[in-house]
Amino acid sequence: MLLAGQVGLSRAGAGYALLAIVAVALVLRVGVWLGTPVDSPLRADAARYYAAAHNLRFNGVYSTDLAALVGGGAPVADAARSPGYPLFLLPFIEPLPKQSVWDRVVAAQVLVSTLTVVLAYLITARLLGRGPGLAAGFLTALSPHLINANIYLLTETLFAFLLVLFTWAVGRLGEPPRRLMLVLAGALLGAAALVHPSAQHVILPWIVLLWLSTPPPWRWRGPALALLGFALVFGPWVARNLATIGTTGDDRPIINTIHHGLYPNFMYADRPETFGYPYRYDLRSDEIAEDLPSVLTELQRRFTEEPWRHLRWFFVGKPVALWSWDTVQGFGDSFTYPVIDSPYFDHPGFQATHRLMRTLHWPIVGLGALGALLVWVPRTSRRWRPEQRLALRTVSLLVLFLTLVHIVGAPFPRYATPLRPLLYLLAMVPPTLFVARQTSPSSGQQTP
């Protein structure tokens, strides 16, 4: 079977190379942690996540209400933010926000981010070979977006880790799939959905993919066990919402993301000064975002009045914007909130890795997009064993489906950061297929 990149690279050699990559990843992440003071780290989404963890720990109520942080009264239960990241913050929370809290959270995220590098290697090596695995791990280690994500109290680092861990579990399902691994894979996807709500939309298409990829004796049991794992983790959140606020969840985030993505090129009336925050300049914003029917009606109206402009924005402009390098809402480049200093500003080593990753950015996006499509081509996918094929298609499904979710909503580049390790894996597919074709022209296959 196809395991290109395996030949000529021993297990010991790959192990030493991986240690070197992990060391580089750790040096870069610790360097950014120690050298990047964030200006007012508890702001916007970060403040809400912190408030949710604070209110849960000290008031026994899950609420993103900031009032309790400033002595403004008892918080009111809500579901405005998914609970996965606040639960991650819970062990670090103190009665008053302090620098020590931020340091402990960032230290934990540095560790999680470094483990993501290891997982990126393990899953890519298992599916494509050690050589591609080292390349994917190296790109994950050097990515400024993944590194800078660690310094913020935001979901990107944890979400990236859980997505890669989920794909690792899928890659180890086996043939026939193992029961506990099926439950674990579903549970990990459920955990990812608790961190970022976009992942909850992946469960149904993935269950369909699992059903189509599972041999008849397991065709129903396999998806049922995976769905059970997902329900065991995500179900309590839905049950809590039904009992507390009378609905399965808060639709305000969905309304906001559709609303914020309505404006072509992130501008209101093509005015440059509105870039990134066009909804703040729209006098009809409150009316548009009143409820879900209102924002969907506005979306329909815009497509009716200017169909070609909005078709171009949704199907060309939004995908390009989502996968672009520079942030739209934020400090710029790969930073979300403003920073006072950073090694990326003046340290030659950090600047060199930044230049390398920025130069490779669009070629990698292009290769990743091609790889995401190739894994579905029957002639190509026959090169892999069934469990490899399922895992590769799962990675493709995550990247394509989550891209589609953000195309429907607001395609801010920050939302693509957790998908970068998966993109790097998919970017290894075309060169791996090419090498396999060159080395085995008669059969297109290569044994490990």
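Derivation of every value follows stated rules applied to the coordinates shown; laboratory data play no part. Computed from a predicted structure; not experimentally measured. Glycine also receives a Cβ, built like all others from the backbone with ideal geometry; neighbour counts cover every protein chain displayed.
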Between R358 and L370, what is the label-point separation in nm under the 7 Å Cα-to-beta-carbon projection? 2.5
Quick check: the angle from helix 348-374's long axis to the longest principal axis of the chain, C-alpha only, nearest 10 degrees? 70
Full-extension gain in nm, A80 to D346, via 0.36 nm per residue minus C-alpha separation: 91.9 nm
Normalised contact order of the chain, rounded percent, pairs of Cα under 8 Å and 6 or more residues apart: 22
Helix 203-213 vs. the chain, principal-axis angle (Cα, 0 to 90°, nearest 10): 10
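Which of the peptides 217-225, 179-187 is most tightly packed, and how do the rest follow, going by the mean number of other Cβ atoms within 10 Å of each residue?
Ranked from most to least packed, the peptides come out as 179-187, 217-225.
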Expected 222 nm ellipticity per residue - DSSP helices of 4 or more, -39500 (n - 2.57), all of the chain, to 500: -20000 deg cm²/dmol
Taking every pair of alpha-carbon atoms in the stretch 144-303, what share in percent sits in each 10 Å bin, from 0 to the bin with the longest distance? 10, 27, 27, 24, 10, 2, 0
Proxy exposure order for F166, F335, F345 (fewest C-beta within 10 Å first) is F345, F335, F166
With a 10 Å radius around each residue's Cβ, average the other Cβ atoms per peptide and rank 423-432, 106-115, highest first. 423-432, 106-115
Y152, Y16 arranged by Cβ crowding within 10 Å, fewest neighbours leading: Y16, Y152
Relative exposure of S198, S82, S143, judged by other C-beta atoms within 10 Å (fewest first): S198, S82, S143
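Which of the peptides 48-59, 283-294 is most tightly packed, and how do the rest follow, judged by the mean count of other Cβ atoms within 10 Å per residue?
Ranking, from highest mean packing down: 48-59, 283-294.
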Sorted by chain and then number, the residues having a modelled amide H within less than 5 Å of the amide H of F335, at least 5 places away or on another chain, are T327
Which angle between 0 and 90 degrees, to the nearest 10, do you get for helix 221-244 versus the longest principal axis of the chain when only C-alpha atoms count? 10
